[in-house]
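Asks: Structure below; questions to follow.
Just so it is clear, none of the values below were taken in a lab; they were calculated from the coordinates. Fair warning: this is a prediction, and the values are worked out from it, not measured in the lab. Counting neighbours? That spans all protein chains shown, and the Cβs are built from the backbone with ideal geometry, glycine included.
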Amino acid sequence: MSAHDNHTNDHHHHDDGGHDHGTFKSYMTGFVLAVILTAIPFWLVMGKVFDKSSVTAMVILGFAAVQIVVHMVYFLHMNAKSEGGWTMLALIFTLVLVVITLSGSLWVMYHLNHNMMPVHDMRNMP
């Protein structure tokens, strides 16, 4: 193999096991999307767009979920093909554990709060 062959092979895209390293354009697209997905919830809170704070919180959670996907796709280069699908499988497993942990914690805290409410007047108790 000559030096010329090595030089020309360096310019060809090699298959590196499904890794997508992204381009400047993809990084800029991800950055612009991340800025927009940060600015909109900031505006929603500062402008008091919704009357109920619970609606604002739900909309912000929706934007947060979209931003997580943007970061995973544009910056972490995660897709179904990367590393033979094991990265996606690990992500799904992590999400299942987080959902179980958070929902279980909220369920326990709600029931503790509901069942452990202090009794206001002990004199009228039988």
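Asks: Which ³J(HN,Hα) values in Hz, rounded to whole numbers, follow from the phi angles of region 89-106 under the Karplus curve 6.51 cos²θ - 1.76 cosθ + 1.60, where θ = phi - 60° and Gly and Pro get x?
Replies: So the Karplus estimates, Gly and Pro as x, are 5, 5, 5, 4, 4, 4, 5, 4, 5, 5, 5, 4, 5, 5, 5, x, 5, 5 Hz.
Asks: Show me, for region 55-69, the HN-Hα J-couplings you get by feeding each phi into the Karplus relation (A = 6.51, B = -1.76, C = 1.60, θ = phi - 60°), rounded to Hz, glycine and proline as x.
Replies: Ordered by residue, 3J(HN,Hα) equals 5, 4, 5, 5, 5, 5, 4, x, 5, 5, 5, 5, 5, 4, 5 Hz.
Asks: Karplus couplings for region 41-52 from phi (6.51 cos²θ - 1.76 cosθ + 1.60, θ = phi - 60°), rounded to Hz, Gly and Pro as x?
Replies: Computed from phi, the couplings for region 41-52 are x, 4, 5, 4, 6, 5, x, 6, 5, 9, 5, 8 Hz.
Asks: At Asn115 and Ile36, where each label point lies 7 Å from the Cα along Cα→Cβ, what is the point-to-point distance in nanometres?
Replies: In this crude spin-label approximation the distance works out to 4.8 nm.
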